[in-house]
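The values are calculated or read from the model by the stated rules, or taken from the named source; none is laboratory data. Note that the coordinates shown come from a computational prediction; the quantities given were computed from them, not determined experimentally. All Cβ positions, glycine included, derive from the backbone under ideal geometry; neighbour counts span all protein chains shown. Each accessible area value is taken on the protein alone, full model and side chains, heavy atoms only, with ligands, DNA and RNA left out. Shrake-Rupley method; radii C 1.70, N 1.55, O 1.52, S 1.80 Å.
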Amino acid sequence: MSGRRLKVVIAGAGIGGLTAALALLRRGFEVEVHEQAMALREVGAGVQISANGMLVLRELGVADRVLALAAHPERREVRLWNTGQAWTTFDLGA
């Protein structure tokens, strides 16, 4: 395989697929991403990124952009699906 880059095909252009694609591209792989949706757009779901996840995004050079676009809630409330009653609440802090 001298002179040829290894090609990787990724199914899904969600946060995992796109992160994997970026990481592989930066390491010299040829990457092809396939997505079944006709367009990428918000779907109303939130994403919580852990500290380890942010380390990965920082390594890929996109953490500052993610933080600039992110919501920074003061607290988290989990509600019961059938009553809407607050089940637990805690402050998130900085």
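Summed over segment 44-80, residues that are within 17 Å of L18 (Cβ to Cβ) and among the hydroxyl-bearing types (S, T, Y) total 0.
L24 passes all but one of (1) touching a strand residue (DSSP E or B) at 6+ places or on another chain (Cβ under 7 Å); (2) modelled with pLDDT under 95; which number fails? Among (1) touching a strand residue (DSSP E or B) at 6+ places or on another chain (Cβ under 7 Å); (2) modelled with pLDDT under 95, the lone unmet condition for L24 is (2). Taken together, the residues in segment 1-51 that are open to solvent by 60 Å² or more (accessible area, probe 1.4 Å), under 25 Å from A71 (Cα atoms) and not hydrophobic (A, V, I, L, M, F, W, C) amount to 6.
Would you mind stating whether E59 is charged (D, E, K, R), open to solvent by less than 100 Å² (accessible area, probe 1.4 Å) and at pLDDT below 95? No: the conditions fail for E59. Selection within segment 81-94: residues that are modelled with pLDDT of 80 or more and in contact with a strand residue (DSSP E or B) (Cβ under 7 Å, 6 or more places away or on another chain). The member of this set that is nearest to A20 (Cα to Cα) is A86. Among the residues of this structure, V9 does not count as one that is in a helix (DSSP H, G or I), of a type outside the set (S, T, N, Q), more than 21 Å from P73 (Cα to Cα) and modelled with pLDDT of 90 or more.
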